[in-house]
Amino acid sequence: MDQAYTVALFAAVIFIVSVLAARVPFFIKRDHHRLHMLISFSAGIMLGVLFIMLLPEALERTFDAGYKAETAAYWILGGFLLLFVIDFFVQHYTKTDCDCDECREYRSHDITSASAFSGLAIHSFFDGLALAAAFLAGDDVGIMVLVAMCLHKTVVVFSLSSTMLMSNRRKYAWGSMIVFCAISPLAMIASFLLLNTGSLSYTGPALCLSVGLFAFVTLCDIVPEAFHEGHQNFRSLALFLVGLVVVVLVSWATSVLTAGLDL
């Protein structure tokens with residue numbers, strides 16, 4: 001029973017941290033230019049998270065489970081192609097009543113935010129599973145991974161919230177973010193209850209699939225959105241690089257915390 005209470009506490013902490021990070025962009029005045037500056041910063045975060053946090057973790061878990069590099073590559077490619085096909089059909093069948101530049105841009109923002117939400121929601125599910133697995137490995141491991149996960153969630157949720165505010169459906173953004181923030185905690189609790197014993201060897205390939213989804217969102221939606229026509233300036237580039245630096249610092253802090261386990 002005590003262990004179940006600890007898992008519930010971990011889940012609550014993840015949820016609260018995620019909600020607070022998601023709320024920050026809502027306090028920024030809705031100005032089109034300012035929001036594009038914010039999305040440039042978020043694009044740097046997303047790119048850094050992809051290559052510095054997610055990809056190494058997915059590959060490590062895949063190799064630890066005994067799978068080859070080719071298997072990881074196929075799962076990553078599969079995730080990328082899956083969201084590519086979905087995005088193609090969404091864009092093909094989504095129409096607007098007006099074909100002016102402003103309406104086309106808002107339509108693009110709507111599609112981008114929907115793709116980002118879908119891809120990151122799947123990854124958040126496996127974040128929760130990974131946290132449950134860490135907790136099952138020991139309370140000390142679970143606490144360290146919890147801190148690392150909170151850092152990770154802060155940058156990812158902030159970026160997704162910023163992206164959704166770029167769409168033409170701002171009034172639905174907060175409700176969507178609440179749902180998103182609940183995914184990892186609920187997945188953690190469900191994983192703990194259902195997988196209290198046994199192997200989680202399939203987690204590696206599943207994370208590789210989510211990396212492919214995340215790669216499509218980052219490289220085909222978020223980064224192009226930050227630097228499309230009319231927004232290619234040095235301030236956007238500077239904020240993009242700052243976002244990358246933030247992820248590097250978060251990754252470094254996570255490594256320092258994790259290294260404490262070996263002491």
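Laboratory data are not the source of any read-out in this text; all were calculated from the coordinates shown. Being a predicted model, the structure only gives us computed values, none of them experimental. Neighbour counts are summed over all protein chains in view; Cβ atoms, including those assigned to glycine, are modelled from backbone coordinates with ideal geometry.
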- Query: From the phi of every residue in the stretch 38-46, what ³J(HN,Hα) in whole Hz does the Karplus formula 6.51 cos²θ - 1.76 cosθ + 1.60 yield, where θ is phi - 60° and glycine or proline is x?
  - Reply: 5, 5, 5, 4, 5, 4, x, 4, 4
- What is the order of L47, L38, fewest Cβ neighbours within 10 Å to most? L47, L38
- Summed residue charge, Cβ within 12 Å of F63's Cβ, Lys/Arg positive, Asp/Glu negative: -2
